[in-house]
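The values are calculated or read from the model by the stated rules, or taken from the named source; none is laboratory data. Note that this is a predicted model, so its numbers are computed, not measured. Positions of Cβ are backbone-derived with ideal geometry, glycine not excepted, and every protein chain shown enters the neighbour counts. In case anyone asks, the SASA skips ligands and DNA or RNA and just uses the protein heavy atoms, side chains included. Shrake-Rupley method; radii C 1.70, N 1.55, O 1.52, S 1.80 Å.
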Amino acid sequence: MQIIEILQNEIEKYCHNQTPPPIQEHIVASAHLAKKIFSEQFTPNNCTETTLKQFIHDISFHNIQYACAHGFPFAFIDCEFIESVISRVIKDGKSLLYRIFSHVDVIEESILNEKYTSLITSLSTELIAKTCRDLYSAYRFNSDLRAGYYYLWLFKTATKIDFKIPAQIEVDTIENLLIEICDQATSEELYIKISEILSFTPFSYYKPNLKEAVFDFLSATLREISVNDWPSKMELFMRFLFLIPLEKQRVLLIDLFNGECPETTEASELILQILQASSPKEKTKLAYLLETIHPYFSSCLSALCNAPYQLFENQLVFSSTEGLPSIKSIHNVDPSKQIFLYKHTLLFVKTPDPQFDPLPYIVAYDTLTEKILYWFSMPDLPAIELSLSGNRLIIRSSSHFYVDVLNVETGEIENSSFREICRAAPKGFYLNDENTLFTQSKNAVSVFKKEQKIAECFFNSPQKLQSDLFQLLPLNEYCGISRKITFSNKKVREEFHVFSNKGRILTIPNCLDAMIIDNYLYSIESTGIENTTALSVRDFNHDAPRLDTAKRVICIKASHLSFAKMPLNASSIILVSEDPIRKEKRLVFVNSVTGVSIMDARTFTHFSFDLMTDKIWLWHSKSHNLYQTDRQKSFIFPVSLASDNLSQLQAANGSLFVLSPK
């Protein structure tokens, strides 16, 4: 590979669409750097951003002419080294060849042929096409006739078409010549060469009389030449499709659907259906079908569907370890938003990607098929809160009284009658699987069935109150309210209230957390003894609920306890003890039959439970130790999962998903 191509690829990869600084000196620096490396005067050890900037200041333009005249013979140079240094200094989206031509006076065609033909024929078609794009843009929009001259010479040299370049370039010279060339092309090879150059120039650049000629020429080429005879056909097809306006896209796709190439016909039909699809879920299904036609389409799904498809990468370091799942990274995940798992659908918020959409996405990902199910663009509002209620994801902005209800299974926004009610619930709400809605205001909980309020309960505020904190917690078909009252004398009273569709059904004093499993009520209660908490087990009658005397009380030598966010097992209960100062947690294993409790010595900061394998995953942000355990406390020896940016873990169907904001 020529050094000019290496530099071009790296510049465009890292610096696309950035505001160009002065270019001539950067071109000089690029050529001079390559020359220095070639002569071993400039090595990776002494090349820094500072030294590069010094070169930019010191050296002159003749170096680029020298390097160009000698064909840039630096193919052995380490690409990664160039990438790491040059990308920080050269910031421009233009082709390097264009910059060379833009600083060279008009040279006679015979001299150009003698000095530069060998260099041009050794360069990639893509680099030549991008240079033609930039030259045509300067000619078209800046009336740069010198750029027009070099455009025609480069086009002629690259395609090997024999035509006369006028000595005097005028306003419509290029357009007239290209229309004539398109009309006279005969061989498939020539069709392909011309198409590959023309397809890199945005359709809007061309003058009106040339637009139709280019469109008809590329359409005919794509329609008539098969993939077998033209391996890069699908790449050109998608590139041209993205560069033309929507109305032309449909014309092109219908034309190709009636063509002779089976792959192009099938792909055109699916792309038409994607453009016409009304829902993200339908688009996603069609997109994955398109992917099966040709491998290149995999790289186009995000742009074609305006959605974040390329999200995951396997971390193969764990794949050969027996007993450990495949670990996948999800990047650009908003760390301030909670992730959710509904059955085997993982839901998370992906941070905005300016290339596709300035708004953040909610992405639904199937952990079984490892495919995106659908996406949903979130409103650009402050204080967006997410909560999962049964099969519904509630999207809410408390500051703007905005609520949407996303059906996780269908991927559709529901026109729920609860939306208006939820908007007026400033503290929170919970919608259970039976369509009972619980809402919380400052000092009241209301219960709704359909649009009717069926119950309401008010909390009395005691005197000499310093603070009164409420937390609404889902309890399957019930709803819990954890209340912490702090009095002016610093004394604290805690209580837990349970609500059903009939209103408040019971209150548990001194209670920190509670769960209802089958016909049992489990509650974590303070004892008044330092570093000691009680786990109480009571019978629970769903038809006539009341607070019975505990049938078993298990004292646990731990504080700040809560139930682990996982399905409870009647005989094996797992609690989490949190150190509020060090922000570390530990698991507490409790056997409710024998009354034995064991606090595990391992500390962690992140926790996730895999419902399919019944495994628990623990990770510590400082030690990077990753553990896997189960209800029987059998730990697998830890491995290191180093990630400074890790924000959340989610285990599902034997895989562990690592979510990070970068």
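A few points about this structure:
- Rolling a 1.4 Å probe over the protein heavy atoms gives region 511-575 an accessible area of 48 Å² per residue.
- Relative contact order %, region 443-555, counting alpha carbon pairs below 8 Å whose residues are six or more apart: 15 percent
- The simple Förster model, with R0 at 60 Å and r as the Cβ-Cβ distance, assigns residue 371 and residue 184 a FRET efficiency of 0.80.
- Given R0 = 56 Å, the distance between the Cβ atoms of residue 176 and residue 266 translates into a calculated FRET efficiency of 0.90.
- Loop-located GluC sites (Glu not before Pro) in region 508-609 (DSSP state other than H, G, I, E, B) with a sparse environment of at most 16 neighbouring Cβ atoms within 10 Å: 530.
- Fully extended contour minus Cα-Cα distance, from residue 510 to residue 449, at 0.36 nm per residue: 18.9 nm
- Relative contact order, whole percent, for region 130-196 stands at 25, derived from Cα pairs under 8 Å and 6 or more residues apart.
- Cβ-based net charge around residue 236, under 12 Å, with every Lys or Arg adding one and every Asp or Glu removing one: 0
- Label point distance in nm, residue 543-residue 204, each placed 7 Å from Cα along Cα→Cβ: 7.1 nm
- Segment residue 391-residue 306, length gained on full extension (0.36 nm per residue, minus Cα span): 28.1 nm
- In this structure, the residue pairs whose Cα-Cα separation is over 20 Å, taken from 233/371; 491/583; 130/193; 130/156; 565/622; 464/490, are 233/371; 491/583; 565/622.
- Region 153-244: trypsin sites (Lys or Arg not before Pro) in DSSP coil with no more than 12 other Cβ atoms inside 10 Å: 160, 164
- Apolar share of the accessible surface for region 512-554: 43 percent from carbon plus sulfur atoms, 1.4 Å probe.
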